[in-house]
Amino acid sequence: MALHLHDDYGDPHPKQGVPSKAQLIHLVGREQELDRIEARVRSAFSGTCAVGRNLPTDLVATHPDATKGRAAARLCEALGLSRYLAIGDSGNDVSMLLAAAESGDIGVAMANARPAAME
């Protein structure tokens, strides 16, 4: 299993004398092992982090607002778009697909999508 703590993205609001925190935790390992870890993380940290997978062998945890769904909504707002089409195939696309559907837009899971994206 490999673990990467990313803190090099830069804090948008750094405070003098306060060390930066990890902004993304990325685990790479066996699918079954990550399935167990994902279940534990979701249970223990529900609502305090976003958890996603774009491959069966990787797991990413970020701030709860650092999701593709949140990014799509903010991008639409910044560009003045009233509608958008979200297309995805992985677990980390679920928030974007749901956000599109919940706002009356269209969320499409590709035919070869992982089960989480198809739900």
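The values are calculated or read from the model by the stated rules, or taken from the named source; none is laboratory data. This structure is a prediction, so every number in the text was calculated from the model and none was measured. Every residue, glycine as well, gets a Cβ built from its backbone with ideal geometry; the counts of neighbours run over all protein chains shown. Calculation scope for accessible area: heavy atoms of the full protein, side chains included, ligands and nucleic acids excluded. Shrake-Rupley method; radii C 1.70, N 1.55, O 1.52, S 1.80 Å.
Taking 22 Å as R0, compute the FRET efficiency from the Cβ-Cβ separation of R42 and L75 and round it to 0.05. Given R0 = 22 Å and the Cβ-Cβ separation, E is 0.25. Shape class of region 61-119 from the Cα gyration tensor (axes a ≥ b ≥ c, square roots of the eigenvalues): oblate, since a/c reaches 1.5 or more and a/b does not exceed b/c. Dipole of region 20-119 computed with +1 at Lys/Arg Cβ and -1 at Asp/Glu Cβ about the Cα centre; of S103, L75, A117, farthest Cα towards the positive end is L75.
Ranked by the mean number of other Cβ atoms within 10 Å of their residues, highest first, the peptides 26-37, 54-65 fall in the order 54-65, 26-37.
For region 15-119, what does the alpha-carbon gyration tensor say about shape, rounded, prolate or oblate, given a ≥ b ≥ c as the root eigenvalues, a/c under 1.5 as rounded, and a/b over b/c as prolate? Verdict is oblate for region 15-119.
Amide hydrogen proximity for I106: with H placed 1.01 Å from N in the peptide plane, the residues at 5 or more positions away or on another chain lying under 5 Å are Y84, A86.
Report in % the part of the accessible area of region 33-119 that belongs to carbon and sulfur, leaving out ligands and nucleic acids; probe 1.4 Å. Ligands and nucleic acids excluded, carbon and sulfur give 57 percent. Label-to-label distance for L55 and H26 is 1.0 nm, based on points extended 7 Å past Cα in the beta-carbon direction. Label sites at E119 and S82, each approximated as a point 7 angstrom past Cα along Cα to Cβ, lie 3.4 nm apart.
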